[in-house]
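J.: Sharing a structure with you now.
The values are calculated or read from the model by the stated rules, or taken from the named source; none is laboratory data. As the structure is a prediction and not an experimental result, all values here were calculated from the model. Cβ: placed from backbone, ideal geometry, glycine included. Neighbour counts: every protein chain shown. The protein model used for the area step is the full one, side chains on, heavy atoms only, and it has no ligands, DNA or RNA in it. Shrake-Rupley method; radii C 1.70, N 1.55, O 1.52, S 1.80 Å.
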Amino acid sequence: QVQLVESGGGLVQAGGSLRLSCAASGRTYSMAWFRQVLGKERELVASLNWPTLTAYVGNYVKGRFTIARGTDAYTTYLQMSSLQPEDTAVYYCAAAPGPGRAYDDWGQGTQVTVSS
């Protein structure tokens, strides 16, 4: 089990950019970013397998969001560009300990608000 701490959320105008960071307290196999709007289900935004650096980015953010690993091996970034009001949500970082394992460890979430 690892602790995850997100940072980098905030208020931005449509078309702007933000970078979210997720710092893990230990090594994990896969890290992912999810987002959730109040009253809706949490959805996967992007994920990254650290050993292979295999990345997945959801179709609705592809070309605008990228996920990357930090140089310290315990940090994952979500670079968000061309933000739109529909990207407004609480963004959560999550970690899975091995291949095929569920995302069991979650951060506290960081709010991203995009104004039109």
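J.: How about the stretch 75-106: which of its residues are over 16 Å from Arg19 (Cα atoms) and part of a loop (DSSP other than H, G, I, E, B)?
T.: Correct list: Pro97, Gly98, Pro99, Gly100, Arg101, Ala102, Tyr103, Asp104.
J.: Now for a separate question. Within the stretch 75-91, is there a residue that is farther than 16 Å from Val112 by Cβ and out of contact with any Leu (no Cβ under 7 Å at 6 or more places or on another chain)?
T.: So far as the stretch 75-91 goes, yes, one or more of its residues are farther than 16 Å from Val112 by Cβ and out of contact with any Leu (no Cβ under 7 Å at 6 or more places or on another chain).
J.: Taking the condition without any contact (Cβ under 8 Å) to a residue 40 or more places away in the chain and surrounded by fewer than 16 Cβ atoms within 10 Å (Cβ to Cβ), does Gly100 pass?
T.: yes
J.: Looking at the stretch 26-36 only, could you name the residues that are open to solvent by 10 Å² or more (accessible area, probe 1.4 Å) and either modelled with pLDDT under 95 or aromatic (Phe, Trp, Tyr) (or both)?
T.: Residues satisfying the conditions are Gly26, Arg27, Thr28, Tyr29, Phe34.
J.: The conditions are (1) open to solvent by 20 Å² or more (accessible area, probe 1.4 Å); (2) more than 10 Å from the chain's Cα centre (by Cα), and Thr66 fails exactly one of them. Which is it?
T.: That leaves (2) as the condition not met.
J.: Please work out which one of (1) surrounded by 18 or more Cβ atoms within 10 Å (Cβ to Cβ); (2) out of contact with any Asp or Glu (no Cβ under 7 Å at 6 or more places or on another chain); (3) among the aliphatic types (A, V, I, L, M) is the condition Val112 fails and give its number.
T.: (2)
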